[in-house]
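Since the structure comes first, as structure tokens, the remarks are kept for the end.
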Amino acid sequence: MLARLKKWARLLKADVLTLWFAYRHPQTPIAAKLFAVLVVAYAFSPIDLIPDFIPVLGLLDDVILLPIGIWLTLKLLPTALAAECRQQAQAWLDAHKPKPQNYLMAAVFVTLWVIAAWLLWHWLAN
């Protein structure tokens, strides 16, 4: 199940990038450009319609609204244009592969933040 979720997330990332390329394409219809701008802006915005810290509902907007917006915008694009933008998005993703991750250093930084938070809490409690 986790593998399916990761695959779905990669597809969403590629589709958002496809919409970004579609927005910049001169042959994109005006309605599709408008929807593409809204969807891409919402996808990359640090502010959600429903904040993520609200249990269940906070993640539903990302799981429901974003895919619906992507689907609707892709439906507004001509098929050939959507295929061209998908190729551009895939080429961009292939050229910008994620950097290797160092989990050891991540653990070190998380540990340091936990220690700092504990020290601050301990200092404020006295």
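Structural remarks
- Read-out P(r) over Cα pairs in 10 Å bins from 0, in percent, derived from the coordinates shown; its label in (i) 11, 40, 38, 10, 1, 0; (ii) 11, 29, 29, 17, 9, 4, 0; (iii) 11, 33, 25, 18, 9, 3, 0: (ii)
- Annotation for Asp52 and Val108: the two label points, set 7 Å from Cα along the Cα-Cβ direction, are 2.5 nm apart.
- Per-residue ellipticity at 222 nm, computed for the chain from helices alone with -39500 (n - 2.57) per DSSP H run of at least four residues, works out to -24500 deg cm²/dmol.
- Degrees, to the nearest 10: 103-125 long Cα axis against longest axis of the chain: 50
Readers should treat all values here as calculations from the given coordinates under stated rules, not as data from a laboratory. Note that the structure is predicted; figures quoted are calculated from it, not measured. Positions of Cβ are backbone-derived with ideal geometry, glycine not excepted, and every protein chain shown enters the neighbour counts.
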